[in-house]
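Here the structure comes first, spelled out in C-alpha cells, and everything after it is commentary.
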Amino acid sequence: MVGTAIAPQKTNTNMDEEAWAQALLLPCHLTVDLDLPGFTVRDWLQLTRESVIDSHWQVAADVPLRVNGVLIAWTEFEVVRNHLAVRVTELA
C-alpha cells in the first residue's frame with residue numbers, strides 16, 4: 001500500500017474566532033460540590049447572610065468543580081482579600 005501525503009489544512013483563524021465568539025457567550029452552570037454529612041433541610045432553611053457552615057473539609061482537600069453537571073476540575077478553597085475563592089489544582 002502506497003501512502004499519499006496529505007497537505008496540512010489551512011485554518012481560517014477569522015472563522016475560528018467568529019465561531020468561538022458566539023460560543024463564549026453561552027450561559028453555563030458552575031458548581032463546587034461539598035459533601036456536608038448531617039446537613040438537613042432544617043439547616044438549609046435557617047441559613048442567613050454570613051452564615052458559617054462547618055463542612056469538615058480540610059483546607060487543602062480537593063473539591064470537585066462541575067460545569068453543567070460535568071466534572072471538569074478539582075479545586076481547593078482559599079481566601080482572597082474578603083472573598084472565598086476556589087483555585088483549580090487539577091483538570092479532570
**OP:** Say whether the condition of being modelled with pLDDT under 90, closer than 19 Å to Ala85 by Cα and out of contact with any strand residue (DSSP E or B) (no Cβ under 8 Å at 6 or more places or on another chain) is met by at least one residue in the range 9-27.
**Re:** no
Original post:
Does Arg66 satisfy being at pLDDT 90 or above and exposed (fewer than 10 other Cβ atoms within 10 Å of the Cβ)?
Top reply: no
**OP:** Could you give me the residue pairs with C-beta distances under 9 Å whose first residue belongs to the range 17-34 and is in contact (Cβ under 8 Å) with a residue 12 or more places away in the chain, whose second residue is part of a loop (DSSP other than H, G, I, E, B) and among the hydroxyl-bearing types (Ser, Thr, Tyr) wherever it lies, and which are 6+ apart or on separate chains?
**Re:** Leu34/Ser55
Original post:
Of all residues in the range 25-40 being within 10 Å of the chain's Cα centre (by Cα) and of a type in the set (A, V, I, L, M), which is surrounded by the fewest Cβ atoms within 10 Å (Cβ to Cβ)?
Top reply: Leu30
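The values are calculated or read from the model by the stated rules, or taken from the named source; none is laboratory data. The model shown is predicted, which means the values in this text are computed figures rather than measured ones. Here the Cβ is made from the backbone with ideal geometry for all residues, glycine too, and neighbour counts use every protein chain on show.
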